[in-house]
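Undergrad: Would you mind keeping the following structure in view while I ask a few things?
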Amino acid sequence: MDNNNVILDVKNLKTYFYMSDGVVPAVDGVSFSVKKGETLGIVGESGCGKSVTSLSVMRLIQTPPGKIVEGEILYHGENLLKFPMRKIRQLRGSNISMIFQEPMTSLNPVFQVGDQIAESLTLHQGLHGWDFRTRLRSWGLFWEMVLMSPLFFIPSIRTKLQDINNRLKRMKIDTPAWARAIEMLKLVGIPDPERRATDFPHQMSGGMRQRVMIAMAMACNPEILIADEATTALDVTIQAQILELMKDLRRRFGMSILLITHNLAVVAEMADKIAVMYAGKIVEYANANDLFAKPMHPYSWGLLHSIPRVDQPKSDDKLPTIEGMVPSPFNLPVGCKFHPRCFNAGQRCKEEEPPLQTLENGRQIRCWFPISHEGGA
Amino acid sequence: MAKDRKNRKKVTVIDNPNEQEILKTAEYSMMQAIWSRFRRHKLAVVGLVIFLFMLVFSLAAPLFEVVTGYPKNYTSLHIKSLPGSIPGIAVSITDPDWNNTEVYENGKEFWFTNIDEENGTALINMTTFENEDYKRKYRFTLKSLGDVDALDSVIETKRDDTGAVVRDEDGKPIREKVGLKEYFIGRAQNKRHIATGQILTYMPPKDGIDTTIDPSTGNGREEYVGPAPMHILGTDGGGHDVLPRLAYGGRISLMIAFSVTFITGLVGIFFGALAGFFGGFADALLLRVIELMGTIPLLPIYMVLVKVIPGGQTPFALILIFSVFGWAGHARMVRGTFFRERSQEYCESAKAIGAGNMRIMFKHLLPNAIAPVITSMSLGVGSIILSESSLSFLGLGADPLTTPTWGALIFEANQYFLNMPWPGIFAGLLIFMTVVSFFFMGDGLRDALDPRQKI
């Protein structure tokens, strides 16, 4: 694991939230590593700490309540937790990017989408966009428009006004950052990107906005893309398109993806490795193929078998579910955190927490009684 | 390229008539969206129209001055009542060398000294401000000399139609009590005095306080004329047309209100943004300061400060004083909105592309948080006009002689309101309309500036 290809190496990460009711161990000793060009899927139920893990990697945890209490996040061997904020800000967006869950609200409603993509280029690559300097150059044109605008009802002046408006728009589009932003919009498959770049977020559909988010995250060619439930809010066809797009971009630019989702179909499609999280801990960490073929942890097994499948013969049995509820973070069970819901739990599970054991093929599992697949599941 | 896009648009329009509508909405700019949302509030549009009217009215002040031929200010000559002299309510002065009009320019001072009540004459020393050496004695005829025992009446020497003093059997002039209104109307109608070029004062003098007179340059002033074709809003106690004075007053009142709103808005946004964004200690500190300011009764403190600060009764000092105490409300509002907005996803995503705190605060959050502040600022404009007016009404605002604000005009008009109500009424009406217009606009602005509202 310790070869040069490893870009991100998270070791024993613990992120706790200090609430008035007590301490919530949202992420409690998570370790994983991502190689260049690799996709790691982190799956789990709501509240299992997936998102907090990704936010911790970005150092976006809100501190008063939250705090990274322990662990290391090694980016090319350097610990991000020891970086000053200024350096972290340089990394964000240019080396490590993030796509957020809600395309509807993650874009700033008062800026044109082109501006928002251009901003990260301005911040990290020094390309200048529609900033004060370039605006100053259009000053004369602008005032011409302002002074003429009261006479808009005269047809010839109206055409002239439209012409000036187009020229102003053109000037904006031609700034280096905007040109690159439009290129990005084209790359993520938005039709007529020049016109759409001047749209505001509310003028776009959900899928379009998610594409814009991806364009924003991809603008500086990051090494790691963190997709936090990036496709959850989209319908299935758009979801498929977005996943296809991400795969395509991964292939082209060789970036690593940290895919955070509760949708197993998405990880099956995308991920090379999968980490299954439960109550702030990784319970199973395996190659995607291994996990889908032979889930060893009862929780992974439960997750996989609670999805109805079209390729299996129809049966009258009920669809298996994982009984019970996610435990309250203030009141986690003693021993294995999953034992109250586990069909395989024994006495030992109630008393002692299982360690993360490493099996062959780099597979890790946190269970006293893993499911054996020797007889075939 | 631009041409291409234009052509393509044309084609789509022909293909599908609905497309035009779609393109139209898609190309709505921010300003258009704001305007179309604002327009939905009928009252807000009414407010905007009233406000624009006020703006144009105030800016056109010099025009009114030219049209009516009446300047905004008293070109003041002060008649001082010195010890031993009798306070004169009004003087009509006949100068032997009346041709020499330049001495009646601005900046001269008068003293009554040798008063001969019997003959109705007095010796007046005139000194220029510019040059103490320049003293010249003039003999003036006093039209009337009298004690002012009440505001509503004047004791005047009785005269016959030719202007000669009527005397009793002992040869003493007969003095009679005249109602103030009749008195003034009588003056206004007395063209003879006007023709000879008189200097008149209309303000009932108080002890030791200057009475202001207007050295009309030969052309007569009609004082206390009600609204008439010649003077649409009538004339006031200085024989000045009310219209240009109101327009100039509007300039100063609106200037004070806008400056204060602008300054308090900036300060409030800055502190509120810091507190709301960072929370914790900064937030607690700001809240304590705001609470502290909330405990101060504003009107008394304004009254004290206006008197304590040197030059406190000038517009700029008023702006300063109002600004110091006015930002708390805006700051609290900005703090609240920032508190809400900072947990929005777009803020997180701005952080994720590596934007710094200041950039997030003032570039990303502020445009989203500006709507409630603009609303409270537009309400603030109204309340500052009111504060300024109430200060002026108490005689603590700007000096009505040199800076006629609306409040000051009311203060001035208040002294003779019962008999001559129009200057006060019109000034009050303007204040009322302006304040109401801002209240009306507040609602519309709130909806118009909210970026999440549909078009």
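Undergrad: Please average, across the residues of A:163-171, the number of beta carbons from any other chain that are within 10 Å of each residue's own beta carbon, and give a whole number.
TA: Average per residue, whole number: 2.
Undergrad: Could you tell me which of rounded, prolate or oblate describes the stretch A:101-146, using a ≥ b ≥ c as the square roots of the eigenvalues of the alpha-carbon gyration tensor, with rounded for a/c under 1.5 and, failing that, prolate when a/b is larger than b/c and oblate otherwise?
TA: oblate
Undergrad: Choose one answer from A:GLU352, A:GLU144, A:GLU223: the residue with the largest mean-square fluctuation in a GNM of chain A with alpha-carbon springs under 10 Å.
TA: A:GLU144
Undergrad: Output needed: Cys residues of chain A lacking any neighbouring Cys C-beta below 4.7 Å, sorted by number.
TA: Lacking a cysteine Cβ partner under 4.7 Å: A:CYS48, A:CYS220, A:CYS342, A:CYS367.
Undergrad: Now a separate question. Would you please give the FRET efficiency between B:GLU291 and A:THR321, computed as 1/(1 + (r/R0)^6) with r the Cβ-Cβ distance and R0 = 45 Å, to the nearest 0.05?
TA: 0.25
Undergrad: Strictly greater than 27 Å: what percent of every Cα pair in the stretch A:118-260 meets that?
TA: 35
Undergrad: Provide a list, ordered by number, of residues in the stretch A:74-102 showing at least 50 Å² less accessible area with every protein chain present than when their chain is taken on its own, using a 1.4 Å probe.
TA: Checking the loss per residue gives A:ARG89, A:PHE100.
Undergrad: Related question: Only Lys, Arg, Asp and Glu count, each charged at its Cβ (+1, +1, -1, -1), so figure out the dipole size of the stretch A:1-128 about its Cα centre, rounded to 20 debye.
TA: It comes to approximately 360 debye.
Undergrad: Given Cα pairs under 8 Å that are at least 6 residues apart, what percent is the relative contact order of the stretch B:307-455?
TA: 24
Undergrad: Could you work out the relative contact order of the stretch A:278-372, using alpha carbon pairs under 8 angstrom and six or more residues apart, expressed as a whole percent?
TA: This gives 36 percent for the stretch A:278-372.
Undergrad: When you look at the Cβ of every residue in A:114-123, what mean number of other chain Cβ atoms sits within 10 Å?
TA: Rounded to a whole number, the mean comes out at 3.
Undergrad: For the pairing of chain B with chain A, what total accessible surface becomes buried, with a 1.4 angstrom probe, in square angstrom to the nearest 100?
TA: Separately minus together, B and A give about 2900 Å² buried.
Undergrad: Counting pairs of alpha carbon atoms under 8 Å apart in space and at least six apart in sequence, what relative contact order in percent does the stretch A:167-244 give?
TA: 27
Undergrad: Which whole number gives the average count of other chain Cβ atoms within 10 Å of the Cβ atoms across peptide B:358-371?
TA: The mean count of partner-chain Cβ atoms within 10 Å per residue comes to 2.
Undergrad: To continue, here is another question. Length gain on complete extension for the stretch A:ILE157 to A:GLU351, per 0.36 nm per residue less the alpha carbon to alpha carbon distance?
TA: 61.5 nm
Undergrad: Now for a different question. Mind pulling the angle between the C-alpha long axis of helix A:139-148 and the longest principal axis of chain A? Nearest 10 degrees, somewhere in 0 to 90.
TA: 70
Undergrad: Right, another one. Find the centroid of the Cα atoms in the stretch A:336-371 and in the stretch B:40-56, then give the distance between the two in whole Å.
TA: Rounded to whole Å, the Cα centres lie 72 Å apart.
Undergrad: Mind listing the long-range amide H neighbours of A:ILE99? Cut-off is under 5 Å, sequence gap 5 or more, other chains count too, H placed in the peptide plane at 1.01 Å from N.
TA: Amide H to amide H, under 5 Å and 5 or more residues apart or across chains, A:ILE99 pairs with A:ILE226, A:ALA227, A:ASP228.
Undergrad: Another one. If R0 is 45 Å, what FRET efficiency do you get for A:LYS247 and B:PHE362 from their C-beta distance, rounded to 0.05?
TA: 0.75
Undergrad: Next question. Karplus couplings for the stretch B:335-342 from phi (6.51 cos²θ - 1.76 cosθ + 1.60, θ = phi - 60°), rounded to Hz, Gly and Pro as x?
TA: 4, x, 5, 5, 4, 6, 6, 5
Undergrad: Follow-up question, since we're still on this one. May I ask for the angle, rounded to the nearest 10°, between helix A:206-218 and the longest principal axis of chain A, with both axes built from Cα atoms and the value confined to 0 to 90°?
TA: Approximately 90 degrees, to the nearest 10.
Undergrad: Search the structure for amide H atoms under 5 Å from the amide H of A:THR39, placed 1.01 Å from N in the peptide plane, and list their residues when 5 or more places away or on another chain.
TA: It is A:ILE257, A:ASP272, A:LYS273, by chain and number.
Undergrad: Now a separate question. Where Lys and Arg each count +1 and Asp and Glu each count -1, what net charge lies around A:GLN239 among other residues with Cβ under 13 Å from its Cβ?
TA: Cβ neighbours under 13 Å give a net charge of -2.
Undergrad: Something else: If you place +1 on the Cβ of every Lys and Arg and -1 on the Cβ of every Asp and Glu, how big does the dipole about the Cα centre of the stretch B:367-455 come out, in debye to the nearest 20?
TA: Magnitude of the dipole: close to 280 debye.
Undergrad: Find how much the distance from A:ASP311 to A:GLN90 grows on full extension, using 0.36 nm per residue of separation minus their present alpha carbon separation; answer in nm with one decimal.
TA: Separation in residues times 0.36 nm, less the Cα-Cα distance, equals 74.8 nm.
Undergrad: At 222 nm, what helix-only mean residue ellipticity would chain A give, in deg cm²/dmol to the nearest 500, using -39500 (n - 2.57) for each DSSP H run of four or more?
TA: -10500 deg cm²/dmol
Undergrad: Just to be sure I understand: with springs between alpha-carbon atoms less than 10 Å apart, which residue in A:LEU91, A:LEU55, A:LEU319 has the highest mean-square fluctuation in the Gaussian network model of chain A?
TA: A:LEU319
Undergrad: The stretch B:366-413 to the stretch A:116-134: how many Å between their Cα centroids?
TA: After rounding, the separation between the Cα centres reads 42 Å.
Undergrad: Please calculate how many Å² of accessible area chain A carries per residue, with a 1.4 Å probe and no DNA, RNA or ligand atoms counted.
TA: Result: 47 Å² per residue.
Undergrad: If Lys and Arg each add +1 and Asp and Glu each add -1, what is the summed charge of the other residues whose beta carbon sits under 11 Å from the beta carbon of A:ARG366?
TA: 0
Undergrad: Classify chain A: rounded, prolate or oblate, from the alpha-carbon gyration tensor (a ≥ b ≥ c, eigenvalue square roots; a/c under 1.5 rounded; otherwise prolate if a/b is larger than b/c)?
TA: Judged from the Cα gyration tensor, chain A comes out prolate (a/c at least 1.5, a/b above b/c).
Undergrad: Within the stretch A:165-298, how many lysine pairs that are 8 or more places apart, or on different chains, have C-alpha atoms less than 23 Å apart?
TA: Eligible lysine pairs with Cα atoms under 23 Å apart amount to 7.
Undergrad: In terms of the Cα gyration tensor, with a ≥ b ≥ c the square roots of its eigenvalues, is the stretch B:245-377 rounded because a/c is under 1.5, prolate because a/b exceeds b/c, or oblate?
TA: prolate
Undergrad: Which percent, to the nearest 5, of DSSP beta bridges fully inside the stretch A:208-360 are antiparallel?
TA: 55
Undergrad: Using θ = phi - 60° and the Karplus relation 6.51 cos²θ - 1.76 cosθ + 1.60, list the HN-Hα couplings for the stretch A:285-293 in order, rounded to whole Hz, with x at every Gly or Pro.
TA: With coefficients 6.51, -1.76 and 1.60, one gets 9, 8, 5, 4, 4, 4, 5, 6, 6 Hz.
Undergrad: Which residue fluctuates most in the GNM of chain A (Cα springs below 10 Å): A:ARG348, A:ARG158, A:ARG211?
TA: Largest GNM mean-square fluctuation: A:ARG158.
Undergrad: To the nearest 10 degrees, how steep is helix A:113-125 against the longest Cα principal axis of chain A, on a 0 to 90 scale?
TA: Rounded to the nearest ten degrees, it is 80.
Undergrad: Then there's this: Tell me which residues come under 5 Å, amide H to amide H, from A:MET277 once H is placed; ignore anything under 5 positions away on its chain.
TA: A:VAL43, A:GLY44, A:VAL283
The values are calculated or read from the model by the stated rules, or taken from the named source; none is laboratory data. Note that this is a predicted model, so its numbers are computed, not measured. Positions of Cβ are backbone-derived with ideal geometry, glycine not excepted, and every protein chain shown enters the neighbour counts. Just the protein is used for accessible areas: all its heavy atoms, side chains included, with ligands, DNA and RNA removed. Shrake-Rupley method; radii C 1.70, N 1.55, O 1.52, S 1.80 Å.
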